[in-house]
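Colleague: Just dropping this structure here.
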Amino acid sequence: MANLKPSIIVIFGASGDLAHVKIFPALYGLWEEGFFPETFIIAGFARTKFDDESFKKTIFESINSYCRKRPVSEDNFINFSKHIYYLPSQYAEQESFKKLSEFTTAKASEYNMPKNVVYYLSTPPSVYDNVIDGIKNVGLVSGTFKSGCFSRVVIEKPFGYDYKSAEELNKNLLSVFNEDEIYRIDHYLGKETVQNILAFRFANAIFEPIWNNKYIEHVQISALESIGVGLRAGYFDKSGTIRDMMQNHMMQLLSLVAIEPPALFDADDIRDEKVKLLKSVRHLSLNDVKNCVVRGQYDRGMINNKPVIGYREEEGIALNSFTDTFMAMKLFIDNYRWAGVPFYIRAGKRLKTFKTEICVYFKKLPYSLFAKTGIENMRQNSVIITIQPNEGISINIGAKMPGFKLDIEPVNMVFNYRSSFKLSPPEAYERLIYDIISGDQTLFARYDDMLIAWELITSILNGWSKMESPAFPNYEAGSWGPKEADNLLKADGLSWNN
Ligand code: NDP
Ligand code: BG6
């Protein structure tokens, strides 16, 4: 475990959903487990009218509702919260940032610590520029290197709205911070099961030799959710699944399953490989967008035997919204390893089940030794990496059924996290915040992989803007998504692993 440097963690938008559900519970979880700096300060920066005490109360509630370590004892919380402060502020006012600057200087001196600051942008993206400008204008970051302190900025997805806005946001960030001070969070990279993809591939001698187009027929990557848009209508309706899931989480999963082995297991080598991989994803023409990309929007339906409303009936969603709540696509990676192997990727809300998985299907046998015994259609081998829930990996093989007759049946060899390690994996946000404080960027998106992913997504968005919109809503809540998504695979003689 790294010896963590004393740190001041400033959370912009500290009154919001992400702070409540993820950030504060993760900060507390780390502190309680001893994975936190001995000297620390947490400062909330937002418009909502709190004082230190009422702010601490909301944090206590957050932790007790969402922390892995709940219920939290009051005594423990009192010790933790001694270091929490709240700065009622305005994002567009220089005065607020001046106060923040005075606050960090005063606290660093009071706690006798270097002014190491993590600026965590937990606001809607529309506020990012104000915050970055505020930080820049009052010189909150300048000179930190010379004084031996660190400044880091944390930014949440979506990083921009399209390629151009992502590039602009990046430029703005880079006008204040160096790339090695910027932590772009994609919380999927904080999930143990996602990190395990690289361990599975590169810590075992048996998989890598067959992890290529010679042996693999096709790959499916699915992130299926049964929840709907919930209370995030304002954000989601402007984003859709394409920006909310595809540009970030799904591209990261694709990268990890397909990258070449990095030279070293470190931040830049891994991210260099991701960039190479994403650069090899075949560009989609307008025709490809028409034929290989499917979008959907949920209608009313049943989830867990309970009726749920359609997307257009959700609070805050326009009756004629054309936002996608489902997307599926077929991609090719034009490189030596993957030439000719289709990757089918889908993500969506209000689907029949909740599961995120990567399914790797191997080619059928070159010759069926058992054909004359009446066993014609043996199931092809596959590796299913379940990211969530029931985190684990299963390898599907054919085995002889016990008995006098030769009968081969598919069976699973299963690795399950909870039963193998007898513990539940840490929360993604705990891992990511720990890495931010210790200065490890391995699990964060770099500007170039983020921009290349936007290039692909923007070409699809441009294609959609030239096409007629589908007749939304086009799938029932509680189904597997629009039938066109099934047809995408059916056309290739395949089907989704539902
Ligand atoms: P919220 O909409 O809850 O906003 C966070 C806070 O920002 C608000 O409490 C509000 O605080 C402040 N704020 C400033 N300007 C605005 C504005 N125009 N509209 C609304 N709030 C404003 O966002 P989340 O906490 O859900 O998300 C924060 C960031 O994290 C976003 O970039 C989001 O995309 C990203 N994210 C969120 C996830 C989630 O599950 N919530 C998941 C992954 C990423 P105040 O009024 O007190 O200033
Ligand atoms: C977030 C998206 O990034 O990821 C949400 O904004 C989505 O819309 C969520 O529900 C899914 O995350 P997880 O960890 O539940 O798979």
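Colleague: If I model a spin label at MET467 and SER495 as a point 7 Å from the Cα along the Cα→Cβ vector, what separation in nanometres do I get?
Modeller: Here the answer is 2.4 nm between the modelled labels.
Colleague: Relative to the longest principal axis of the C-alpha atoms of the chain, give the angle of the C-alpha long axis of helix 24-33, reported between 0 and 90° and rounded to the nearest 10°.
Modeller: So the helix axis and the longest Cα principal axis differ by about 90 degrees.
Colleague: Could I ask something else about it? Of all accessible surface on segment 8-156 at a 1.4 Å probe, what whole percent is carbon and sulfur?
Modeller: Numbers: 3130 of 6620 Å².
Carbon with sulfur: 47 percent of the solvent-accessible area.
Colleague: Now, a different point. Using helices alone, what [θ] at 222 nm do you get for the chain, with -39,500 (n - 2.57) per DSSP H run of 4 or more residues, divided over all residues and rounded to the nearest 500?
Modeller: Dividing the helical sum by the residues of the chain leaves -10000 deg cm²/dmol.
Colleague: Let me ask you something else. Tell me, in nm to one decimal, what length is gained between ASN172 and GLU208 on full extension, where the rule is 0.36 nm per residue of separation less the Cα-Cα distance? Don't jump to the answer; show the numbers that get you there.
Modeller: Details: separation 36, 0.36 × 36 = 12.96 nm, distance 4.03 nm.
Value of the extension gain: 8.9 nm.
Colleague: To continue, here is another question. Using a 1.4 angstrom probe, figure out how much accessible area segment 189-490 has per residue, in square angstrom, rounded to the nearest whole.
Modeller: The answer is 46 Å² per residue.
Colleague: Let me ask something else. Between PHE421 and GLU179, what length in nm is gained on full extension when 0.36 nm per residue of separation is reduced by their alpha carbon distance? Working shown, then result.
Modeller: Working: separation 242, 0.36 × 242 = 87.12 nm, distance 3.60 nm.
So the chain would gain 83.5 nm between PHE421 and GLU179.
Colleague: Just to confirm my numbers, what's the Cα centroid distance between segment 251-301 and segment 1-44 in Å?
Modeller: 31
Colleague: Hey, what do the phi angles of segment 443-459 turn into as Karplus ³J(HN,Hα) couplings, whole Hz, using 6.51/-1.76/1.60 and θ = phi - 60°, x for Gly and Pro?
Modeller: Going residue by residue, I get 8, 10, 6, 9, 3, 6, 5, 5, 6, 5, 4, 5, 4, 5, 5, 5, 5 Hz, with x marking Gly and Pro.
Colleague: Long-range amide H contacts for VAL308: which residues qualify at under 5 Å (H placed 1.01 Å from N, peptide plane, sequence gap of 5 or more or a different chain)?
Modeller: GLY301, MET302, ILE303
Colleague: Here's a follow-up. Would you tell me the accessible area of TRP496, worked out with a 1.4 angstrom probe on the heavy atoms of the protein chains, in Å² to the nearest 10?
Modeller: Around 20 Å² of this residue is reachable by solvent.
Colleague: Accessible area per residue of segment 8-156 at 1.4 Å probe, in Å²?
Modeller: Values: 6620 Å² over 149 residues.
Value returned for segment 8-156: 44 Å² of accessible area per residue.
Colleague: Residue by residue through segment 91-103, what is 3J(HN,Hα) from phi via Karplus (6.51 cos²θ - 1.76 cosθ + 1.60, θ = phi - 60°)? Round to whole Hz and write x for glycine and proline.
Modeller: Karplus values, whole Hz, x for Gly and Pro: 5, 9, 10, 4, 4, 4, 6, 4, 4, 5, 5, 5, 4.
Colleague: Shifting gears a bit: Using a 1.4 angstrom probe on heavy atoms only, work out the carbon and sulfur share of the accessible area of segment 189-490 in %.
Modeller: Working: 7740 of 13880 Å².
Its accessible area is 56 percent carbon and sulfur atoms.
Colleague: Another question, then. Report the label-to-label distance for ASN305 and ASN320 in nanometres (one decimal), using points 7 Å from each Cα along the Cα→Cβ vector.
Modeller: With each label point 7 Å from Cα toward Cβ, the separation is 4.1 nm.
Colleague: Is the shape of segment 350-498 best called rounded, prolate or oblate, per the rule: a/c under 1.5 gives rounded, else a/b larger than b/c gives prolate, else oblate, with a ≥ b ≥ c the square roots of the Cα gyration tensor eigenvalues?
Modeller: Details: a/c = 2.22, a/b = 1.30, b/c = 1.71.
Oblate, since a/c reaches 1.5 and b/c is not below a/b.
Colleague: If you don't mind, another one. When the Karplus curve 6.51 cos²θ - 1.76 cosθ + 1.60 is applied with θ = phi - 60°, which whole-Hz ³J(HN,Hα) does each residue of segment 288-297 get, with x for Gly and Pro?
Modeller: Working through the residues one at a time gives 5, 4, 5, 9, 10, 10, 10, 10, x, 9 Hz.
Colleague: Please give, to one decimal in nm, the separation of the simple spin-label points placed at GLU102 and ARG68, each 7 Å out from Cα toward the Cβ.
Modeller: Those two pseudo-labels are separated by 4.0 nm.
Colleague: Mind running the shape call on segment 1-114? Use the C-alpha gyration tensor, a ≥ b ≥ c as the square roots of the eigenvalues: rounded below 1.5 for a/c, prolate if a/b tops b/c, oblate otherwise. Write out the running numbers ahead of the final one.
Modeller: Values: a/c = 1.94, a/b = 1.21, b/c = 1.60.
Cα axes put segment 1-114 in the oblate bin.
Colleague: Go through LYS214/LYS364; LYS214/LYS349; LYS115/LYS191; LYS191/LYS422 and tell me which ones have a Cα-Cα distance over 23 Å in this structure. If you can, show how the numbers build up before the last one.
Modeller: Values: LYS214/LYS364 11 Å; LYS214/LYS349 34 Å; LYS115/LYS191 30 Å; LYS191/LYS422 17 Å.
Listed pairs above 23 Å: LYS214/LYS349; LYS115/LYS191.
Colleague: List the residues whose amide H sits under 5 Å from the amide H of ILE8, counting only those 5 or more places along or on another chain, with H placed 1.01 Å from N in the peptide plane.
Modeller: ILE41, ASN116, VAL117, VAL118
Colleague: Please identify every one of the chymotrypsin sites (Phe, Trp or Tyr not before Pro) in segment 80-147 that sits in a loop by DSSP and has no more than 12 other beta carbons within 10 Å of its own beta carbon.
Modeller: Numbers: sites: PHE80, TYR85, TYR86, TYR91, PHE97, PHE103, TYR111, TYR119, TYR120, TYR128, PHE145; in loops: TYR91, TYR111, PHE145.
Here the sparse-neighbourhood loop sites are PHE145.
Colleague: Does the chain classify as rounded, prolate or oblate by the C-alpha gyration tensor (a ≥ b ≥ c root eigenvalues; a/c under 1.5 gives rounded; else a/b over b/c gives prolate, otherwise oblate)?
Modeller: Prolate.
Colleague: Using Cα atoms only, what is the angle between the long axis of helix 267-279 and the major principal axis of the chain, expressed in degrees (0 to 90) to the nearest 10?
Modeller: 50
Colleague: Taking the 0 to 90 degree range and rounding to the nearest ten, how far is the long axis of helix 128-137 tilted relative to the main principal axis of the chain, both from C-alpha atoms?
Modeller: 40
The values are calculated or read from the model by the stated rules, or taken from the named source; none is laboratory data. All values derive from a computational prediction rather than experimental measurement. A quick note on method: Cβ atoms are made from the backbone with ideal geometry, for glycine too, and the neighbour counts reach across all protein chains shown. The accessibility values were calculated without ligands, DNA or RNA, using every heavy atom of the protein model including side chains. Shrake-Rupley method; radii C 1.70, N 1.55, O 1.52, S 1.80 Å.
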